[in-house]
Each structure stands twice: as structure tokens, then as C-alpha cells.
Amino acid sequence: MMVQSEVRVLTASDQERLQAFLEQDLDRGLILYSNITRAGLSDGGRTFEGTYAAYLVAGEIVAVAGHFWNGMLLVQGDKKLPELTSLCLSETRRPMTGVLGPRPNVESLSRLFADQGFRLRQSMPQELMVLDMEALATPQALTRPDVICRRPRSSEIDLLSNWRVDQERETLDRADDPKLRRNSRTRIERSHGEKSLWVLEQNGRIVANCEIVARAGDRVQIGNVRTPPAYRNQGFARAVIAGALGQLRNLGIKRAILFVHDPAAKRAYQALGFSKVGDFALEFWERCDELVA
């Protein structure tokens with residue numbers, strides 16, 4: 001008996017089916033799952049919305065690609081990814097700015113992107129690390145009486161927006177222009193409104209911050225950790241993460257994940273109790289014809 005299979009764009013009626021697939025490996029699919037719970041499977045180009053294409057076998061999803069409002073492509077599973085990606089891009093007709101997923105899966109798409117007129121701008125191998133909250137260690141910096149981890153005040157939005165601009169310039173080689181500043185401000189304001197931001201204060205100065213970039217059930221993903229150069233090598237990044245996670249643990253969060261590229265940052269996260277569970281890749285692409293224009 002032949003097993004039926006198909007590649008198709010998902011609709012709102014597929015949401016539970018897609019969530020069930022992602023729940024099989026939620027650590028690796030947390031961003032996808034979080035976006036779905038925030039925005040469903042509709043795609044009007046608004047924040048967190050995307051178009052999803054899946055490979056189904058006997059009615060069950062075994063691989064998925066999602067192309068999102070910001071141009072990023074996320075993939076999960078190792079079957080039919082070129083076909084899924086091509087279908088997503090043809091459906092959205094929006095620019096493809098980058099891709100995130102398990103490293104072998106992302107690498108399998110490089111030829112497709114090159115054939116479609118894209119050029120690799122930046123490649124950042126990532127390690128996926130996880131932490132069960134009972135294993136969270138308290139770093140020394142967080143025990144100092146002059147150090148406080150808290151959510152930011154509205155009066156600190158300007159500072160954190162400027163930090164976000166600096167982070168994009170430093171890690172992703174973005175140009176400092178009005179668009180970057182506008183987008184950074186919007187993202188900080190949104191995260192502040194969602195109570196997803198934390199800052200570390202020392203003697204009245206903000207010295208580090210971090211953000212919850214995805215969440216589902218009792219787990220969260222940490223990202224956008226920032227310590228300005230003047231405050232580095234003092235354990236502040238570890239302290240702001242531990243402080244935020246400690247507060248979230250008190251609210252019922254049981255597991256945290258994060259991606260790390262820098263070896264020094266990896267050592268800091270290991271000291272908090274995080275351990276590696278997978279290899280990912282984050283790549284940024286641009287169209288060759290846009291370079292000529």
C-alpha cells in the first residue's frame with residue numbers, strides 16, 4: 001500500500017498539526033512554535049506572521065519551512081527542504097534576508113539560494129544550549145549588594161534602543177541608518193510592553209540587558225544579551241541572565257534555551273548550568289541584483 005505524501009502551504013486548519021510536530025523537539029523549534037502561538041498561520045506581513053510550507057506523510061508533518069514578516073526563513077526537519085523553501089518564497093514574494101535552523105539543514109539550502117540569485121553575506125555557526133531551571137547557578141556578580149536585576153523603566157527605552165543599534169552593528173555588521181534606529185526602537189518598545197526585557201543595574205547604572213525572544217508553555221529562549229564594552233569582563237552578562245531566569249523560575253518556567261556563537265559567551269553560559277544539545281546555523285543572504293542596483 002502506497003503511503004500518501006504531499007508538499008503544500010499550511011492553512012489555519014493545520015495549526016494543531018504543526019504544533020504537534022514541533023512539540024516532538026520543542027528545544028529546536030521554539031521560535032517557530034512561539035511565532036505560531038503569537039500570530040497563528042495567517043500572513044499579512046505583520047510582526048511574528050509568516051507563511052509555512054510543510055512536507056506531510058500520511059497526513060502528519062515531517063518537515064516545515066516558514067518565511068516570516070522580517071524576511072527570515074526558519075526550517076525544522078530534514079525532508080524536502082529545498083521544495084519547502086521554494087514554495088514559501090514563491091508564496092510570500094517578500095525578500096529573503098536570512099535562514100536559521102539545524103546546521104545540516106541550513107547547509108543543504110546553500111545551493112538553492114545561490115541558484116536563485118542570492119549571495120551569502122554572513123554565516124554564524126550557533127550552538128544550541130539548554131538549562132533545566134533547577135540547575136541554574138547564581139553567579140557571584142548577582143550576589144553583590146550594589147547589583148540588581150529588574151525589568152527596565154520606560155525612561156530607559158532610549159538607552160536600550162541605542163544598545164540594540166550598537167549590537168546590530170557589532171554582531172551583524174548593520175549600517176547605522178534611520179531604518180536600523182527605527183526598527184531597533186520598535187523592537188525594544190514591543191519587548192518592553194510584553195515584559196520580556198531585563199536589565200542589570202549596578203550603583204544606579206545599567207550595565208547589561210537580555211530579552212526573552214520566544215516562549216512556549218514552561219520554557220523560554222534567551223537572546224539579545226548585551227554588555228557594552230566599558231562593562232565587559234565583570235560577569236554582568238551572566239548576572240543579568242541568571243537574574244532574569246531566577247525570576248521566571250518563580251513564575252513557573254522550567255527550561256531555558258539559547259543560541260551561542262562566541263566561545264567566551266559559551267563558557268559563561270556553561271557556568272550558569274547550560275549544556276550543548278545541538279548545532280545550528282544562522283546565515284544572512286542578499287540578492288546579487290540588489291548589489292548591482
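Wrap a convex hull around the Cα atoms of the range 190-257, take a quarter of its surface area, and give that in square nanometres.
Answer in nm², one decimal: 4.9.
Beyond 25 Å, what share of the Cα-Cα pairs of the chain remains, rounded to the nearest whole percent?
The calculated P(r) of the chain puts 50 percent of pairs beyond 25 Å.
With point charges of +1 on the Cβ of Lys and Arg and -1 on the Cβ of Asp and Glu, referenced to the Cα centre of the chain, which listed residue (Ser184, Ser108, Gly40) lies farthest in the positive direction of the dipole?
Positive-end residue among those listed: Ser184.
With charges set only on the Cβ (+1 for Lys and Arg, -1 for Asp and Glu), what does the dipole of the chain come to about its Cα centre, in debye to the nearest 20?
For the chain, the charge dipole is close to 820 debye.
So what are the ³J(HN,Hα) numbers for the range 76-92, from phi and the Karplus equation (6.51, -1.76, 1.60; θ = phi - 60°), rounded to whole Hz, Gly and Pro as x?
9, x, 10, 10, 6, 5, x, 5, 5, 5, 4, 5, 4, 5, 6, 6, 7
Compute a Gaussian network model of the chain, connecting alpha carbons closer than 10 Å, and tell me which residue from Leu74, Leu26, Leu159 fluctuates the most.
So, out of Leu74, Leu26, Leu159, the one fluctuating most is Leu159.
Residue by residue through the range 265-274, what is 3J(HN,Hα) from phi via Karplus (6.51 cos²θ - 1.76 cosθ + 1.60, θ = phi - 60°)? Round to whole Hz and write x for glycine and proline.
Result, ordered by residue: 5, 4, 5, 5, 5, 4, 5, 7, x, 6 Hz.
Per the Kirkwood formula on distinct C-alpha pairs, the Rh of the range 162-280 is how many angstrom?
Result for the range 162-280 stands at 15.2 Å.
Could you give the nm distance between label points at Thr186 and Glu60, where each point is 7 Å from its Cα heading toward the beta carbon?
4.0 nm
Tell me the mean residue ellipticity at 222 nm calculated for the chain from its helices only (DSSP H runs of n ≥ 4, each -39500 (n - 2.57), averaged over every residue, nearest 500).
-10500 deg cm²/dmol
Please list, in order along the range 147-153, the HN-Hα scalar couplings obtained from phi with the Karplus expression 6.51 cos²θ - 1.76 cosθ + 1.60 (θ = phi - 60°), rounded to whole Hz, x for Gly and Pro.
Ordered by residue, 3J(HN,Hα) equals 10, 9, 9, 8, 7, x, 8 Hz.
Based on the alpha carbon coordinates of the range 1-142, what radius of gyration and maximum Cα-Cα distance (Dmax) apply, in Å?
In order Rg, Dmax, the Cα atoms of the range 1-142 give 16.4, 63 Å.
At a probe radius of 1.4 Å, what is the per-residue accessible area of Trp285, in Å² to the nearest 10?
20 Å²
Have a look at Phe280, Phe113, Phe68 and tell me which one the Gaussian network model of the chain (Cα, springs below 10 Å) gives the largest fluctuation.
Among Phe280, Phe113, Phe68, the largest GNM mean-square fluctuation belongs to Phe113.
On a C-alpha basis, how far is the centre of the range 154-199 from the centre of the range 41-79 in Å? Whole number, if you could?
Between the Cα centres of the range 154-199 and the range 41-79 lies a distance of 27 Å.
What does the accessible area per residue of the chain come to in Å², with a 1.4 Å probe and no ligands, DNA or RNA counted?
Accessible area per residue, the chain: 48 Å².
What fraction, in whole percent, of alpha-carbon pairs in the range 109-179 exceed 19 Å separation?
Tail of P(r) above 19 Å: 68 percent of Cα pairs.
Roughly speaking, to the nearest percent, how much of the range 197-251's 1.4 Å accessible area is carbon and sulfur?
Result for the range 197-251: 40 percent of the exposed heavy-atom area is carbon or sulfur.
The values are calculated or read from the model by the stated rules, or taken from the named source; none is laboratory data. Keep in mind the model is a prediction, meaning the values are calculated, not measured. Heads up, the Cβs are rebuilt from the backbone with ideal geometry, glycines too, and the neighbour counts pull from every protein chain shown. Accessible surface is based on the protein model in full, side chains and every heavy atom, while ligands, DNA and RNA are left aside. Shrake-Rupley method; radii C 1.70, N 1.55, O 1.52, S 1.80 Å.
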